[in-house]
Amino acid sequence: MRAMVFEEVGQPLRAVERPVPIPAPGQLLLRVHACGVCRTDLHLLDGEVPIASPPRILGHQIVGTVEARGAGEPTMGAGERGAGAAETGAGAGERGAGAAGDGAPAAIGQRVGVPWLGWTCGECAYCRSGRENLCTRALFTGRDLDGGMAEYVVADERFCFDLPPGYPDEQAAPLLCAGLIGFRALRLCGDPHTLGLYGFGAAAHLLAQVALWLGRRVFAFTRPGDLAAQAFARELGAVWAGGSDEPPPEPLDAAILFAPVGTLVPLALRAVAPGGVVVCGGIHMSDLPSFPYSALWEERVLRSVANLTRLDAEEFLALAPLVPVRTRVTVYPLEEANRALADLRGGRFVGAGVLRVP
Ligand SMILES: [Zn+2]
Ligand SMILES: [Zn+2]
């Protein structure tokens, strides 16, 4: 199969031929149809988020169809099956979180999506308290496990999700990270009437639609001078759009930072009202500058959001078609993954970038 492989920090992905992977027990073999690119992929390329054992196929917003399933009883995640609610020992596919959503194993030919969270232990304190996004032994798709920038991928069936019909493959891919992480970040904001989004890219353009549907007023902050992104935000319904160096026209109840720029943190804290929440939505940020305590005073809250849980995925993928969330995508062939990533870095498309795998 063809695959785009990370070999070394600072080097572009390399197009290689690889054998089609063989699914282990509990895994599905998927024929990949589309895979989104994400800012996290840039952090991986730059070494800001390390890849422990290259070479590695990147890509963690995967849309594919089930080609085969691993034979036999899975051994991974045994603790979870012991502690879980839905398991009787006939296999991981019985989990309610499995691809079919109704607890049935995924069928051959069924379309599923694979997100960043690729495996959790089911045994640690985080897994046992509904916080598997913080699992101490978690494995992540496209970092610890080979991802979707390839013709085939294997994935743990418990982390494969049924996708809403009505979304073509390229349109569905950005739901799996940009959509999910944004949704989790929004929930960490509490119940804001006014919401600021710093960095109006893949995640923000999806989250803005959800927030508006929930009756929030959305304020979009882009790179200073990025008039295309500001126009896009207004088109989606933002009541205000401006540069990230500008104060909003009124104090905000909450703000989410998708731009990986630490200097935005004190700006966002000053943009929120007393009691307001600032959520950092990325996996990596440049260093935060020191700032006076007065920026945090009056019960302002500064926090991050990490990864996702399977519950986040189920809830968001059920919500998206109700809004309905529409994804704006720019599509590249698999072989042009490096160009897609360069365009993401340069802000050369609005919305999300997606690789098509024919
Ligand atoms: Zn991502
Ligand atoms: Zn765990």
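The values are calculated or read from the model by the stated rules, or taken from the named source; none is laboratory data. Fair warning: this is a prediction, and the values are worked out from it, not measured in the lab. Neighbour counts are summed over all protein chains in view; Cβ atoms, including those assigned to glycine, are modelled from backbone coordinates with ideal geometry.
Just a few scattered comments:
- Within region 264-284, being within 19 Å of the chain's Cα centre (by Cα) and in contact (Cβ under 8 Å) with a residue 40 or more places away in the chain holds for Val279, Gly281, Gly282, Ile283, His284.
- Among the residues of region 325-351, the ones that are of a type outside the set (A, V, I, L, M, F, W, C), in a helix (DSSP H, G or I) and over 20 Å from Arg223 (Cβ atoms) come to 4 in all.
Yes or no, residue by residue, for (1) touching a helix residue (DSSP H, G or I) at 6+ places or on another chain (Cβ under 8 Å); (2) closer than 24 Å to Thr141 by Cα:
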{"site": "Gly242", "(1), (2)": "yes, no"}
{"site": "Asp253", "(1), (2)": "no, no"}
{"site": "Leu288", "(1), (2)": "yes, no"}
{"site": "Val301", "(1), (2)": "no, no"}
{"site": "Ala342", "(1), (2)": "no, yes"}
{"site": "Gly351", "(1), (2)": "yes, yes"}
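- Single match in Val49, Val63, Val37 (criterion: of a type in the set (A, V, I, L, M, F, W, C), surrounded by fewer than 21 Cβ atoms within 10 Å (Cβ to Cβ) and either touching a helix residue (DSSP H, G or I) at 6+ places or on another chain (Cβ under 8 Å) or modelled with pLDDT under 95 (or both)): Val49
- Counting only strands (runs of 3 or more DSSP E) that sit completely within region 1-71, those holding 1 or more residues that are within 16 Å of ligand 1 (Cβ to nearest atom) correspond to 2-6, 27-36, 62-69.
- Within the option set Leu308, Leu322, being modelled with pLDDT of 95 or more, more than 19 Å from Arg217 (Cβ to Cβ), assigned to a loop (DSSP other than H, G, I, E, B) and in contact with a strand residue (DSSP E or B) (Cβ under 8 Å, 6 or more places away or on another chain) holds for one residue only, Leu308.
- Cys135 vs. criteria closer than 23 Å to His43 by Cα and within 16 Å of ligand 2 (Cβ to nearest atom): yes
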